[in-house]
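K.L.:
Supplied in structure tokens, the structure appears directly below.
The values are calculated or read from the model by the stated rules, or taken from the named source; none is laboratory data. For clarity, every value in this text was computed on a predicted model and none was experimentally measured. Every residue, glycine among them, receives a Cβ derived from its backbone with ideal geometry; neighbour counts consider all protein chains shown.
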Amino acid sequence: MKISGERSMKKSDIKHQSLRWDELTPKAFLKLRKEAKGVCVLPVASIEQHGGHLPLGTDSWVAEEVCRRAGAIEPMMIFPVLRFGVNGEATAYPGAIALRTEVLFELLTNLCDEIARNGFNKILLYSTHGGNAYGLPFFVQQWATIPRDYMVYYFTFGYHLATPPRALTVSQQQRPSAHGGVFETSAVMSARPDTVCLDEQFPEEYAKKLGCLEHLMKLGIYTAVNYYSNFPNHWAGLPTGACPEAGEEILDERAQKLAEVVRAIKADTIAPRLMAEFRKRASAGGTMLIRHSRK
């Protein structure tokens, strides 16, 4: 999917336009801070297995490339990827690094404080790791009770939301493509082709969904091993048919979505006002009713 008037942003298009915090000179930092209008994107990924054919840093490589492309569409400060997300469920497999939740949240708070100290009043946690789907929203939810004068937002765009790439056949588009599947593999083949080893792919039978806890999950019951009960090998899709051309489409769509989100956050004045109002009421011990406007 391509927004009208916008072309595909490849690495070769933007390699000269550094948007990443740690790649900027002080002068370039100040210039981009002004152009970003107070918005800094903090990508949060993970280090874990993505089948036998993809690198442990898959989520990080995808995050870096999506942010790079998004920054070419909409000016934004891009913080270096935080490679450690919520992924305790990955510790049953080789190479996973899982921080304790309290350590991760303390680290995130410290990083957000430092980003804000450097002149950013809106921080977007952009997740490229499915395991963050519960933890990061919970972290952001706690912000209502943390005395800070800046806003934290959360956004993710999973592969299940992606427009089927035209570079894939219809059957390939319809094939289950979750963790390590054709969509994710294509994205990495585009972002970091040097890290993909298709000849090390696990046998197909190990990607099948088992549904061991379906009797509980269909009732809305959640356990720590829900994902494991479906995919005990932490692999949930076949890479068959994956290609860098499809990866280009996937990365472009994600970048365009991220750019759209950053634009909306730049323009947002309501969430900061509501946060200030909420904290004022909470610090007063709570108030019953107030007259309110949507604007």
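This table checks each residue for (1) surrounded by 20 or more Cβ atoms within 10 Å (Cβ to Cβ); (2) in contact with a helix residue (DSSP H, G or I) (Cβ under 6 Å, 6 or more places away or on another chain).
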{"residue": "20", "(1), (2)": "no, no"}
{"residue": "26", "(1), (2)": "no, no"}
{"residue": "31", "(1), (2)": "no, no"}
{"residue": "42", "(1), (2)": "yes, no"}
{"residue": "46", "(1), (2)": "yes, yes"}
{"residue": "56", "(1), (2)": "no, no"}
{"residue": "69", "(1), (2)": "yes, yes"}
{"residue": "88", "(1), (2)": "no, no"}
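K.L.:
Can you name the residue in segment 160-174 that is modelled with pLDDT under 75 and surrounded by 17 or more Cβ atoms within 10 Å (Cβ to Cβ) and, of all such residues, is nearest to the chain's Cα centre (by Cα)?
P.N.:
173
K.L.:
Okay, next question. Any chance you could count how many residues in segment 262-295 are touching a Lys or Arg at 6+ places or on another chain (Cβ under 7 Å) and at pLDDT 90 or above?
P.N.:
Result for segment 262-295: 2.
K.L.:
Is there a residue being modelled with pLDDT under 80 and of a type in the set (S, T, N, Q) anywhere in segment 142-156?
P.N.:
No, there is no match, as no residue in segment 142-156 is modelled with pLDDT under 80 and of a type in the set (S, T, N, Q).
K.L.:
With the condition kept exactly as written, say whether any residue in segment 175-198 is outside any helix (DSSP H, G or I), of a type in the set (Ser, Thr, Tyr) and surrounded by 12 or more Cβ atoms within 10 Å (Cβ to Cβ).
P.N.:
Among the residues of segment 175-198, at least one is outside any helix (DSSP H, G or I), of a type in the set (Ser, Thr, Tyr) and surrounded by 12 or more Cβ atoms within 10 Å (Cβ to Cβ), which makes the answer yes.
K.L.:
Right, another one. I'd like to check something: does segment 92-103 contain any residue that is crowded, with 24+ Cβ neighbours inside 10 Å, in contact with a strand residue (DSSP E or B) (Cβ under 9 Å, 6 or more places away or on another chain), small (Gly, Ala, Ser) and without any contact (Cβ under 8 Å) to a residue 60 or more places away in the chain?
P.N.:
Looking only at segment 92-103, we keep the residues that are crowded, with 24+ Cβ neighbours inside 10 Å, and these are none.
No, there is no match, as no residue in segment 92-103 is crowded, with 24+ Cβ neighbours inside 10 Å, in contact with a strand residue (DSSP E or B) (Cβ under 9 Å, 6 or more places away or on another chain), small (Gly, Ala, Ser) and without any contact (Cβ under 8 Å) to a residue 60 or more places away in the chain.
K.L.:
In addition: What about residue 231, is it closer than 30 Å to residue 218 by Cβ and among the aromatic types (Phe, Trp, Tyr)?
P.N.:
For residue 231, the condition - closer than 30 Å to residue 218 by Cβ and among the aromatic types (Phe, Trp, Tyr) - is met.
K.L.:
Checking the conditions here, which among 130, 119 is modelled with pLDDT of 95 or more and in a loop (DSSP other than H, G, I, E, B)? Give the derivation first.
P.N.:
Values: 130 fails: modelled with pLDDT of 95 or more.
119 is the lone residue from the list that is modelled with pLDDT of 95 or more and in a loop (DSSP other than H, G, I, E, B).
K.L.:
Then there's this: What are the residues in segment 267-287 that are part of a helix (DSSP H, G or I) and either of a type in the set (A, V, I, L, M) or in contact with an Asp or Glu (Cβ under 8 Å, 6 or more places away or on another chain) (or both), if any?
P.N.:
Listed by number, the residues that qualify are 267, 270, 271, 274, 275, 276, 282.
K.L.:
Sticking with this structure for a sec: Give me the pairs, please: first residue somewhere in segment 106-125 and among the basic types (Lys, Arg), second residue anywhere and assigned to a helix (DSSP H, G or I) and surrounded by 13 or more Cβ atoms within 10 Å (Cβ to Cβ), beta-carbon distance under 7 Å, and either six or more positions apart or on two chains.
P.N.:
What qualifies is 122/265.
K.L.:
So if I check each of 207, 236, which one is within 17 Å of residue 52 (Cβ to Cβ), touching a strand residue (DSSP E or B) at 6+ places or on another chain (Cβ under 7 Å) and touching a residue at least 60 places away in the same chain (Cβ under 8 Å)?
P.N.:
On inspection, the qualifying residue turns out to be 207.
K.L.:
Here's a check for you: in segment 214-230, which residue that is in contact (Cβ under 8 Å) with a residue 24 or more places away in the chain and surrounded by 15 or more Cβ atoms within 10 Å (Cβ to Cβ) is farthest from residue 131 (Cα to Cα)?
P.N.:
228
K.L.:
Does segment 241-258 contain any residue that is aliphatic (A, V, I, L, M) and not in a helix (DSSP H, G or I)?
P.N.:
yes
K.L.:
Give the number of residues within segment 90-107 that are in contact with a helix residue (DSSP H, G or I) (Cβ under 9 Å, 6 or more places away or on another chain), over 22 Å from residue 121 (Cβ atoms) and in a helix (DSSP H, G or I).
P.N.:
2
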